[in-house]
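Have a look at the structure below, then the notes.
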Amino acid sequence: MRLLKTKNLLILAFLCLNLTSCTFMNNSSIVKNIKAAHQLSSADEQLTDLYEKKLTMQRKSAFEKLNIMTSFDSLATDSAKAAENKDREYKTRLGFYRNALTSAWQAKNWQSINVFKGNAEKLCNEDAGFDKAPRDCWMIRVIPNLAGLDEENEDVTKMVHASAQVDIEEANKLFGKFVFNMNAIIASLPGIDKSSANEALGEHVKLNAWKALCGQMTTLVSTLFPKSSEKNQAVCAIQDYYKELKSMKLRSDPPIGCSTRVLPDPQNAGCN
Amino acid sequence: MNPALILFGIKAVIRLAKAGQEAYSQSVQDAPIIFPTIDDVATNRYSIVSNFFKAAGYSKYVKPGTEYAEYWDQTNNTPIDVDTLFIAVVKIQTEDKEDDQNGEERIPERKETAAGLIFVKQWSSSTEPLSPIAKVIMTAGDIALEYIGSNPSILGVGGNGEKLLGAFATNLSDLLPNNGNYGPQERFTERLLGVTLKAGFKTVNDNSEWVTNEEHLEKLISATVKPIVENYPQTGITEAMQYEKLADVLIGPAAGAAMNTLAQNPDAYFGDKFEQGTAFGALTKGLLEAAAKKDGLKDQFDKEGLLELYTAALDVAVKQPEVFIGHGAGNVDELSRDLLTNCATKLKAAKPPFNGRVGTQLAAAVMNAVSENAHNFVGTGKQWEQTAGDIIEEITRDLGGAFEQNKNLKTVFNNDQLIDIGRIVLTRVSSTPAMILGPKEAVGEVVSAIAQAMAADDKLLLSGNDWIEIAKVAANEAAKNPARLFKLDTTNNNQALAADLMKGILNKAGEFLEQPVPPAPQRNLQYSVLFGSTLKEVIVTVIQHTSGNPQQAKGNQQKVFDLIGQVNTFVEKNPDKFGNKEWLKIFKKLLSGVLNGENPPDLTESKALELLS
């Protein structure tokens with residue numbers, strides 16, 4: 001297929017060479033647009049490289065981890081800056097914002113996400129971005145919530161490793177943040193499903209929701225919530241999310257490792 | 001892929017311009033991009049066990065009366081024996097998997113999901129993006145466009161731009177796979193080729209008269225890029241990142257320097273072999289290795305300094321490729337790395353003012369002078385690249401030491417004069433094989449003697465140009481009479497006759513300058529003329545008269561100083577009849593006798609006139 005595309009390009013080029021109207025125009029905007037697209041392509045390649053490195057970094061030294069996080073952070077800054085350049089093509093700018101938000105998420109730079117998301121969403125709504133670049137705009141919408149889950153997960157991880165008893169108020173507050181982000185993510189799924197974004201987008205947003213439910217939220221409730229009526233409510237909320245996600249389209253089955261068996265036991269919680 | 005096809009593609013892209021840009025932009029905007037997944041909870045063993053037995057499907061295993069009940073606190077619903085229960089978790093999960101082959105509520109994960117790498121395209125339709133090779137072609141077109149904008153003839157038929165694109169296309173075809181399966185190394189290669197192409201266009205643009213051929217350019221690009229790609233670290237994320245960072249900083253300027261060196265030396269590389277290509281490649285590899293040794297180019301001098309050394313080495317390589325790849329030159333990679341690393345290390349440690357650009361320019365002069373005599377090193381057990389580093393160290397240490405001791409010197413010399421001193425000594429001395437191959441290089445001895453004298457000139461009686469003249473004569477005499485004037489005994493560091501003579505003359509001249517201004521009735525006693533060009537001439541004359549017979553000079557050293565004192569006192573007392581010209585004539589007439597052991601005669605007006613007649 002790729003070969004075919006290259007061939008097409010070359011055939012097109014050949015045809016063009018024979019047409020006087022196609023001779024080279026000294027148009028600086030062409031060069032600018034090519035440069036911007038090339039920059040976006042490089043930024044996306046860099047993001048992929050860094051993410052691959054992040055996935056293998058569990059056994060790496062703290063220095064190496066820091067190196068990767070710093071690289072994510074500077075990529076986020078560069079891409080956001082590129083996105084703000086109004087001379088660039090609309091879709092290229094959206095691509096830069098998507099790259100900036102993804103990179104900031106991976107850099108765990110919550111502050112940058114807050115800064116970028118407003119401008120990025122505004123740009124999506126400015127010129128029918130959800131139609132012109134559906135994947136990028138839907139990612140721009142859901143990434144802040146996915147990053148929010150990771151931010152809360154850091155607190156869960158800290159609590160799991162801390163010996164001190166967790167009080168109900170703190171656990172409740174944390175669970176509330178999870179609920180906020182989960183609600184936003186689940187609410188976005190029907191919109192993604194109806195859009196012309198690639199099918200894989202909805203599947204993977206949903207996959208993330210499953211992971212949050214069976215990993216982060218379940219750990220919080222099972223390990224850290226003291227026995228209380230609030231805990232029972234949280235257990236029941238997890239059950240409800242499970243049912244809701246399962247009932248949705250978009251590759252509805254939960255992935256391996258995420259079944260009703262691993263969720264907190266609803267029997268004693270008095271769930272409906 | 002066929003290079004002609006790639007070349008055609010690049011040209012086509014340039015023609016296509018707008019259509020190409022839109023296609024390219026579209027392909028980039030819609031290309032699959034990474035979609036991360038949220039983090040896992042970093043759990044400990046206690047929470048794994050606790051979560052597992054509180055879960056709906058597994059709480060039954062710790063209910064009262066069951067197999068693991070005794071390890072579970074029924075009242076608080078928490079684990080008692082975490083280790084035993086952890087083993088139980090592993091056992092239950094294993095059994096579960098076997099029972100669960102039908103996948104009750106589960107579906108197998110996609111391969112890419114399991115690996116954590118999820119790519120999402122923009123559109124649900126099957127709009128395929130351009131292949132990577134097409135993207136590289138686009139990038140090349142992008143680079144070419146930049147130059148065509150300002151110089152439309154650059155791609156004229158048979159022009160250098162076309163040859164350059166042809167050379168680029170061949171390398172692209174050799175170095176990148178056709179299947180479009182690009183990993184980090186291929187993306188790195190693509191970037192390097194792009195940077196090289198850009199440097200090439202700049203050189204073509206800046207050197208419109210340059211006559212080259214496609215084959216040479218092809219070999220040059222290959223020689224520059226290939227060794228760097230081959231050295232790409234295959235293991236270790238940090239190593240790869242550091243390597244890329246170094247290459248990104250250095251390869252653009254390095255490729256530019258290599259192309260420019262060729263453009264500036266068109267006659268040096270005609271012929272079929274183009275041996276310079278091998279040396280260029282080895283030097284570029286050596287540049288990266290030297291930079292890596294310098295702890296990642298921490299400051300600007302390191303980068304600029306290394307690139308200047310690299311450019312100087314390229315100059316040697318283009319003019320004398322045989323010193324890199326000729327018989328007896330050894331391994332070209334090791335030689336190139338050692339040359340750059342040695343010189344860079346010595347310069348890094350050099351004293352001011354040689355720790356900056358003056359040092360690197362001096363190093364370039366050293367490389368040229370030593371490499372021109374590299375044939376003298378064959379079979380001596382001494383490597384020219386090592387000697388170059390040693391000589392840089394000696395010159396910068398000795399002259400730098402003089403500046404350290406005599407702080408006023410910096411007002412006397414400008415940077416060019418400093419480099420000239422080193423260059424003059426090197427050029428004149430290094431042509432005498434014994435002088436660069438001895439136990440202590442004569443270059444160092446000459447420079448050391450001059451440096452000692454410079455340090456002694458605390459009253460700044462001589463200018464920078466005067467010192468250059470002295471250096472010329474000293475180097476000439478040293479070359480004509482090796483191991484005589486500057487070191488009577490090579491095992492005794494204290495025996496440096498030339499240095500002692502120069503210091504003695506400077507001291508004598510200084511004494512006259514320190515005399516108080518005479519009161520009015522004694523106005524016949526005038527100021528000394530023993531400074532500047534006269535003093536320089538005295539030093540030069542003494543060096544020339546003593547170089548052939550140092551033992552004689554050593555024995556009569558004091559008499560020479562006394563003669564200087566007498567002549568100067570006489571000229572001072574007779575300012576209306578005798579000036580600096582007469583001073584020098586009288587001194588030259590009497591010097592030979594003094595060196596033969598005669599005492600300086602008492603100078604009277606009639607005696608002086610007799611000597612001048």
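The values are calculated or read from the model by the stated rules, or taken from the named source; none is laboratory data. From a predicted model like this one, the values you see are computed outputs, not experimental measurements. Cβ: placed from backbone, ideal geometry, glycine included. Neighbour counts: every protein chain shown. Side chains included, ligands, DNA and RNA excluded: accessible areas come from the protein's heavy atoms. Shrake-Rupley method; radii C 1.70, N 1.55, O 1.52, S 1.80 Å.
The figures follow:
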{"quantity": "Residue match in the range B:205-223 (condition: outside any helix (DSSP H, G or I), free of Cβ contacts under 8 Å to residues at least 40 places away in the same chain and not polar (S, T, N, Q))", "calculated": "yes"}
{"quantity": "Count of residues meeting criterion [under 18 Å from residue A:267 (Cβ atoms) and assigned to a helix (DSSP H, G or I)] in the range A:215-240", "calculated": "15"}
{"quantity": "Filtered residues of the range A:185-197 (kept if surrounded by fewer than 23 Cβ atoms within 10 Å (Cβ to Cβ) and not in a helix (DSSP H, G or I))", "calculated": "A:195, A:196"}
{"quantity": "Inter-residue pairs, beta-carbon under 8 Å, first at the interface with another protein chain (Cβ under 7 Å from one of its Cβ atoms) and in the range A:26-55, second at pLDDT 85 or above and open to solvent by 20 Å² or more (accessible area, probe 1.4 Å), 6+ apart", "calculated": "A:33/A:88; A:33/A:89; A:37/A:89"}
{"quantity": "Condition met for residue B:137 (at pLDDT below 70 and surrounded by 22 or more Cβ atoms within 10 Å (Cβ to Cβ))", "calculated": "no"}
{"quantity": "Whichever residue in the range B:47-66 is charged (D, E, K, R) and in a helix (DSSP H, G or I) and, among such residues, is farthest from the other protein chains (Cβ to nearest Cβ)", "calculated": "B:60"}
{"quantity": "Residues within the range A:150-177 that are away from every other protein chain (no Cβ under 11 Å), of a type in the set (A, V, I, L, M, F, W, C) and in a helix (DSSP H, G or I), tallied", "calculated": "4"}
{"quantity": "Any hit, the range A:113-132, residues being within 8 Å of chain B (Cβ to nearest Cβ), touching a residue at least 40 places away in the same chain (Cβ under 8 Å) and surrounded by 15 or more Cβ atoms within 10 Å (Cβ to Cβ)", "calculated": "no"}
{"quantity": "Residue match in the range A:249-263 (condition: in contact (Cβ under 8 Å) with a residue 12 or more places away in the chain, open to solvent by 20 Å² or more (accessible area, probe 1.4 Å), more than 7 Å from every other protein chain (Cβ to nearest Cβ) and among the hydrophobic types (A, V, I, L, M, F, W, C))", "calculated": "yes"}
{"quantity": "Residues satisfying the stated conditions in the range A:220-238, i.e. open to solvent by 20 Å² or more (accessible area, probe 1.4 Å), facing another protein chain (nearest Cβ under 10 Å) and either under 30 Å from residue A:191 (Cβ atoms) or charged (D, E, K, R) (or both)", "calculated": "A:227"}
{"quantity": "Residue B:64 closer than 30 Å to residue A:145 by Cβ and open to solvent by 40 Å² or more (accessible area, probe 1.4 Å)", "calculated": "no"}
{"quantity": "Count - residues of the range B:558-587 that are open to solvent by 10 Å² or more (accessible area, probe 1.4 Å), in a helix (DSSP H, G or I) and within 14 Å of residue B:609 (Cα to Cα)", "calculated": "5"}
{"quantity": "Filter result (open to solvent by less than 10 Å² (accessible area, probe 1.4 Å), farther than 22 Å from residue A:183 by Cβ and either hydrophobic (A, V, I, L, M, F, W, C) or touching a His at 6+ places or on another chain (Cβ under 7 Å) (or both)) within the range A:133-171", "calculated": "A:133"}
